[in-house]
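Computed from the coordinates by the stated procedures, all read-outs in this text should not be read as laboratory data. Model, not experiment: these values are computed from the prediction. FYI the Cβ positions are ideal-geometry reconstructions off the backbone, even for glycines, and counts take in every protein chain you see.
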Amino acid sequence: MAGQGDELKLLGMFASPFVLRAKLALSFKGLSYEYLEEKDLHNNKSELLLKSNPVHKKVPVLIHNGKPVCESMIIVQYIDEAFAGVGPSLLPSEPHERAIARFWAAYIDEKLFISWMMVFRGKTDEEKAEGTKQSFAVAANLEGALRECSKGKPFFGGDGVGYVDVALGGFVAWVHAVEKLYGLKLFDAAKTPLLAAWLERFGALDAAKAVMPDVGKLVELAKMRQAQAAAAGGAAAAAAQGN
């Protein structure tokens, strides 16, 4: 629970892996908070979101006693520091290990997310294939990172969940959704056995299950957006044929 007098609000959207990171950090810390869903981020952002994050106008935003904190991994760090005496520590205490954890969290954002966007939004089979190739290369590197960081223990954080686990954990539901959508088994036990075991182990944690979005709903959302994009592309092509 948050300390006496602490008020925590989280602005989010159910399908966002970045919002899930904030939810996971709050859940692992055992902190209570009010969750406010942004129902239409494209056309109708809430006044609270626009006020709290006027620069990027994106979720997640954590509001702690009226003060906003933006960007998912900054929020995770803030939660860990602001509530240092509550629940487990997410960032390692040793400076070099902390730097390594931050490096791999940044790698996940820079490489894993971008390669997935190539799969989701690729306009040609070649672009989608390149995204798939890059996704498997990222998974191989994360397999090595898990081996290095865990030192034979269950999680990137060792015996317990840590900063990198939360960073990657935000994508767990989408890992399953991508497999259902494209047959792309990113964390394959034959190729990345440590990651495959981690995926099952992390998803089985009570604190993770408490905030994990429904995979079926993610699949439905992805299909709907793909249909909308295809329709928009068809309309644009038809318009280009006009005089």
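Around Tyr35, what is the net charge, scoring Lys/Arg as +1 and Asp/Glu as -1 over all other residues with Cβ under 11 Å from its Cβ?
Numbers: positive: Lys9, Lys23; negative: Glu34, Glu37, Glu38.
Within the 11 Å Cβ shell, the charges total -1.
Note down the nm distance, to one decimal, between modelled labels 7 Å out along Cα→Cβ at Arg225 and at Ala189.
Inter-label distance under the simple model: 3.0 nm.
Calculate, in whole percent, how much of the Cα-Cα pair population of region 95-216 lies beyond 25 Å.
Details: 1537 of 7381 pairs.
Here the long-distance tail beyond 25 Å is 21 percent of all Cα pairs in region 95-216.
Span-like helices, the chain: DSSP H, alpha-carbon axial extent 24 Å or more, mean Kyte-Doolittle -0.5 or greater, which ones? Display every interim value, and only then the final one.
Numbers: long enough: 125-150 (37 Å, -0.67); 215-240 (37 Å, 0.60).
Flagged H segments are 215-240.
So which aspartates and glutamates can Lys67 reach, going by Cα to Cα under 13 Å and dropping same-chain residues fewer than 8 places off?
Correct list for Lys67: Asp6, Glu7.
Could you please report the charge total around Gly85, scoring K, R as +1 and D, E as -1 over all other residues with beta-carbon less than 14 angstrom from its beta-carbon?
On the way: positive: Lys29; negative: Asp6, Asp80, Glu81.
Charge balance near Gly85 sits at -2.
Which entries in Lys57/Lys180; Lys153/Lys191; Lys23/Lys57; Lys29/Lys217 show an alpha-carbon gap greater than 21 Å? Don't jump to the answer; show the numbers that get you there.
On the way: Lys57/Lys180 31 Å; Lys153/Lys191 19 Å; Lys23/Lys57 19 Å; Lys29/Lys217 26 Å.
Where the Cα-Cα span goes over 21 Å, the pairs concerned are Lys57/Lys180; Lys29/Lys217.
For every helix of n ≥ 4 consecutive DSSP H residues, a contribution of -39,500 (n - 2.57) applies; sum these over the chain, divide by its total residues, and give [θ] at 222 nm rounded to the nearest 500 deg cm²/dmol.
Values: 11 runs with 137 residues, N = 243.
That comes out to -17500 deg cm²/dmol.
Å³ per residue of the Cα convex hull, for the chain? Before the final figure, lay out each step's value.
On the way: hull volume 33.8 nm³, N = 243.
Normalising the Cα hull of the chain by residue number yields 139 Å³.
Would you kindly state the longest site-free stretch of the chain, with sites defined as trypsin sites (Lys or Arg not before Pro) in a DSSP loop (not H, G, I, E, B) surrounded by at most 12 other Cβ atoms within 10 Å? Let's see the in-between values first.
Working: sites that count: Lys39, Lys123, Lys151.
Maximal segment without exposed cleavage sites: 152-243.
Counting C-alpha atoms alone, how compact is region 8-82: give Rg to one decimal and Dmax as a whole number, in angstrom.
Reported Rg and Dmax, both Å: 11.3, 34.
Of Ala227, Ala197, Ala105, which has the largest mean-square fluctuation in a 10 Å C-alpha GNM of the chain?
Ala227
Report, in whole Å, the centroid distance computed from the Cα atoms of region 94-143 and region 1-72.
What the calculation gives is 25 Å, centre to centre.
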